[in-house]
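For reference, the structure is listed below as structure tokens.
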Amino acid sequence: MSSCVSHHHQVGVRPRPGRRLPAAVASFLPPAPRRRRRVACAAMSAEAAPGVEPAEAEPVAAALAEMVEEAAVWCAVHGLVVGDRADPRSGMVPGVGLVHAPFSLLPARFPTSFWKQACELAPIFNELVDRVSLDGEFLQAALSRTKQVDAFTARLLDIHEKKMTINKEEDIRLGLHRSDYMLDSETNSLLQIELNTISSSFPGLGSLVSELHRTLLKQYGKVLGLDSKMIPRNWAATQFAEALGKAWAEYNNDSAVVLMVVQPEERNMYDQYWLVNHLKKSYGVTTIRKTLAQVEAEGEVLTDGTLVIDGRTVAVVYYRAGYAPTDYPSEAEWRARLMMEQSSAVKCPSISYHLVGTKKIQQELAKPNVLERFLDNKEDIAKLRKSFAGLWSLDNEEIVKAAIEKPDLFVLKPQREGGGNNIYGHDLRDMLIKLQKEQGESLAAYILMQRIFPKASLTPLVRGGDCFEDLTISELGIYGAYLRNKDKVVLNNQCGYLMRTKVSSSNEGGVAAGFAVLDSVILTDE
């Protein structure tokens, strides 16, 4: 997944009443839109801190204004930072051109029952990814039509097929996943948006935001009516580092390093450096950072399968790049990917884990009786199913017809990781009509998904030291770590979370398009 803060679902405008939809999609209409407003945090209404009486609004506004400056200082002192786009060197030279990561001034309210549900799902999804990854025929068959119309997926499948041909099995398998959810206000349920199996970003900075909010509420919680103890601890950075450290230990070569595969310009490098630091400090493991092009230029696989980069043996390859077509501008990058895949290093993810995270596989797993192929525990299967949103292939004519009639109830998703690829509203209708006319295999490049309508709430957001209030929606990502060596499961944990909050009107004239911030969770009883 992309390191950029991105969101996959947006609140839509309520469609006009029309003829009834099929039962499968009839239950999810969006909430009526509310007018948004932008005001300085100092002048914010008590609405930003629910439960505050109008008489108390003044001290609340004063507290929020103080908090902005304190929070910005905290970010600088504690490394809650990203590269500044205004500085051209910020994505390449560490320590140059830094700004605080955009954040929400207050944590997002989240019902405890749904929080527990999301956390419980992590180990089950970890196990599912591993089981599906071992069924090469299933992956190849499920993605065979996608392969014909999506060149990127085709290249990944070619690498996967080469490994199947030489029957190369991964003895040590490491997964660092993130499953993303939203609370659907129409059905009052927790629904999965997607499962990320490659480059699940923000374990470093996400952990810090929880700490920032806890620190702020210890001081200002009383005025705001919020209890810092209700913010769950977030150990994502240390637990991801632990998983990488344990995978390194399973490889069993004291002089080997962890290779982090990164993009040439990475403004989110500090999120990654948190893991590098934890690995060094807690496990004594050295990490080297290389782009795919550098891996191709400096790397080789020895006859015994050992991956050597720049003269150093690699125990674990950890991808924070390689999930998007833009990461492969030439054949050199594809050669690097194949080389690493064919080595004996532990891959996070392996090519098969990567493929399990595609949208098409997500849609296949949502079909009746498919989960049963991979999991035995009926309770686990029921828990996963409960979290699945409606997912359909474009072969389903009834659903396609419904989506053309009521495009605001659906999202059209291509086989792409990272944000900004999904199609909504009129664009969705036009694309479906175009695809229907073309017929043929191009339908297989997309899946249709139920659009989720989370409740919007007024939130103070801070970016570049400035604070403003806006209507927002939130998306919860739960991290999971899985490590297996042959028959032994070394690790299968839920390990921390990522809360992202964004303005609910981001496809409204593009004023704040894609503006999302890092957030944390404060648990509530509702």
Whichever residue in the range 207-222 is out of contact with any Phe, Trp or Tyr (no Cβ under 9 Å at 6 or more places or on another chain) and of a type outside the set (A, V, I, L, M) and, among such residues, is most open to solvent (accessible area, probe 1.4 Å): 222
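Residues are listed down the side, and each one gets a yes or a no for (1) in a loop (DSSP other than H, G, I, E, B); (2) touching a Leu at 6+ places or on another chain (Cβ under 8 Å); (3) over 30 Å from residue 243 (Cα atoms); (4) among the charged types (D, E, K, R):
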{"site": "340", "(1), (2), (3), (4)": "no, yes, no, no"}
{"site": "347", "(1), (2), (3), (4)": "no, yes, no, yes"}
{"site": "361", "(1), (2), (3), (4)": "no, yes, no, no"}
{"site": "368", "(1), (2), (3), (4)": "yes, no, yes, no"}
{"site": "379", "(1), (2), (3), (4)": "no, no, no, yes"}
{"site": "402", "(1), (2), (3), (4)": "no, yes, yes, no"}
{"site": "411", "(1), (2), (3), (4)": "no, yes, yes, no"}
Mind listing just one residue for me: the one in the range 109-128 that is of a type in the set (Gly, Ala, Ser) and touching a residue at least 12 places away in the same chain (Cβ under 8 Å) and, of those, nearest to residue 175 (Cα to Cα)? 122
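For the range 229-333, which helices (runs of 4 or more DSSP H) that fit wholly inside it have 1 or more residues that are hydroxyl-bearing (Ser, Thr, Tyr)? Spell out the reasoning first.
Values: elements: 236-251, 269-283, 292-298.
Of the helices (runs of 4 or more DSSP H) lying wholly inside the range 229-333, those with at least 1 residues that are hydroxyl-bearing (Ser, Thr, Tyr) span 236-251, 269-283.
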Taking the range 333-346 and keeping residues touching a Lys or Arg at 6+ places or on another chain (Cβ under 8 Å) and surrounded by fewer than 24 Cβ atoms within 10 Å (Cβ to Cβ) leaves 334, 338, 341, 342
Of all residues in the range 387-440, count the ones that are of a type in the set (Val, Ile, Thr), in contact with a helix residue (DSSP H, G or I) (Cβ under 7 Å, 6 or more places away or on another chain) and closer than 19 Å to residue 475 by Cα. 1
Identify the single condition in (1) under 29 Å from residue 76 (Cβ atoms); (2) out of contact with any strand residue (DSSP E or B) (no Cβ under 6 Å at 6 or more places or on another chain); (3) open to solvent by less than 10 Å² (accessible area, probe 1.4 Å) that residue 279 does not satisfy, given that it satisfies every other one. (2)
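Considering the range 395-423 alone, what residues qualify as being modelled with pLDDT under 90 and in contact with a strand residue (DSSP E or B) (Cβ under 9 Å, 6 or more places away or on another chain)?
First, pick out the residues of the range 395-423 that are modelled with pLDDT under 90: 395-397, 413-422.
Passing the criteria: 396, 413, 414, 415, 417, 419, 421, 422.
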Note down all Cβ pairs under 7 Å where the first residue falls in the range 129-151 and is within 26 Å of residue 178 (Cβ to Cβ), the second is in a helix (DSSP H, G or I) and open to solvent by 80 Å² or more (accessible area, probe 1.4 Å), and they're at least six residues apart or on different chains. 140/161
When you go through 121, 105, 190 one by one, which is the residue that is open to solvent by less than 10 Å² (accessible area, probe 1.4 Å), in contact with a Phe, Trp or Tyr (Cβ under 6 Å, 6 or more places away or on another chain), under 30 Å from residue 517 (Cβ atoms) and among the hydrophobic types (A, V, I, L, M, F, W, C)? 190
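Residues in the range 159-167: is at least one among the hydrophobic types (A, V, I, L, M, F, W, C), closer than 30 Å to residue 523 by Cβ and open to solvent by less than 30 Å² (accessible area, probe 1.4 Å)? I'd like the intermediate steps shown before the answer.
Filtering the range 159-167 for residues among the hydrophobic types (A, V, I, L, M, F, W, C) gives 159, 164, 166.
Filter again for closer than 30 Å to residue 523 by Cβ, leaving none.
Scanning the range 159-167, I find no residue that is among the hydrophobic types (A, V, I, L, M, F, W, C), closer than 30 Å to residue 523 by Cβ and open to solvent by less than 30 Å² (accessible area, probe 1.4 Å), so the answer is no.
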Only one residue in 376, 408 is surrounded by fewer than 17 Cβ atoms within 10 Å (Cβ to Cβ) and not aliphatic (A, V, I, L, M), so which one is that? 376
Can you tell me which of 204, 225 is open to solvent by 20 Å² or more (accessible area, probe 1.4 Å) and either of a type outside the set (Asp, Glu) or more than 20 Å from residue 279 (Cα to Cα) (or both)? 225
Only residues that are free of Cβ contacts under 8 Å to residues at least 40 places away in the same chain, more than 19 Å from the chain's Cα centre (by Cα) and closer than 25 Å to residue 265 by Cα: list them for the range 299-355, please. 300, 308, 310, 311, 329, 330, 331, 335
I'd like to check which strands (runs of 3 or more DSSP E) are fully inside the range 452-526 and have at least 2 residues that are small (Gly, Ala, Ser) and either modelled with pLDDT under 95 or within 26 Å of residue 236 (Cα to Cα) (or both). 466-485
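The values are calculated or read from the model by the stated rules, or taken from the named source; none is laboratory data. As the structure is a computational prediction, the values presented were derived from the model and not from experiment. In this analysis, Cβ positions are derived from the backbone assuming ideal geometry, glycine residues included, and neighbour counts consider all displayed protein chains. Just so you know, the surface numbers come from the protein's heavy atoms only, side chains and all, with ligands and any DNA or RNA stripped out. Shrake-Rupley method; radii C 1.70, N 1.55, O 1.52, S 1.80 Å.
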